[in-house]
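Each value in this text was obtained by applying a stated rule to the coordinates, not by laboratory testing. This structure is a prediction, so every number in the text was calculated from the model and none was measured. Here the Cβ positions follow ideal geometry from the backbone for every residue, glycine too, while neighbour counts run over all protein chains shown.
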Amino acid sequence: MKYVLMFTSTPELDAAVPPERAQEVYGRIYEWFGEHAEHIDDSGAELQPPDTATTVKHGGEAPVVVDGPFSEAKEVVGGFSVLNADDLDAAIAIARTWPALALPGVAVEVRPMVVDYSQFEQ
């Protein structure tokens, strides 16, 4: 099965991490992708900071464009990757090894991907 791992963090807590610690964890993340390469379908994607986001949302008669992310959460998605795993338990086992989980405010959301669109065909 395919799963999307969405890597989230809390910007205020990220800012409190000493730069040398952040660099250490980032280096470990690079190694993590190598260690799990057989399960990862992409090279991962790191996103620019939330203040660079633009959101297109429902606006009544026509979509509205707003600056910034349109999330009410304190956490922000900082990146994502597509993972192949036998089942949810296997995907969770890999997600639990995400190096940035050593930092406060970090989480990995594991979500199954839709890969069979036949259910939507008419």
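Residues of segment 84-104 with amide nitrogen under 16 Å from the 7 Å Cα-to-Cβ point of residue 35?
Within reach of a label on residue 35: 91-103.
If you place +1 on the Cβ of every Lys and Arg and -1 on the Cβ of every Asp and Glu, how big does the dipole about the Cα centre of segment 1-73 come out, in debye to the nearest 20?
140 debye
What does the helix-only formula give at 222 nm for the chain: each DSSP H stretch with n ≥ 4 adding -39500 (n - 2.57), the total divided by the residues, and the result rounded to the nearest 500 deg cm²/dmol? Before the final figure, lay out the partial values.
Working: 3 runs with 30 residues, N = 122.
The helix-only estimate for the chain comes to -7000 deg cm²/dmol at 222 nm.
Sort 17-23, 56-62 by the packing proxy (mean of other Cβ within 10 Å over each peptide's residues), most packed first. Provide the component values of the computation, followed by the final result.
Numbers: 17-23: 11.1, 56-62: 8.0.
Per-residue mean Cβ counts within 10 Å order the peptides as 17-23, 56-62.
Can you give me the pair-distance distribution of the chain, C-alpha pairs, 10 Å bins, whole percents?
So the P(r) values, bin by bin, are 12, 36, 32, 17, 4, 0.
How far, in nm, would the chain grow between residue 82 and residue 58 when pulled straight, counting 0.36 nm per residue and subtracting the alpha carbon separation? Don't skip to the answer; put the middle values down first.
Details: separation 24, 0.36 × 24 = 8.64 nm, distance 2.78 nm.
Stretched fully, the residue 82-residue 58 segment lengthens by 5.9 nm.
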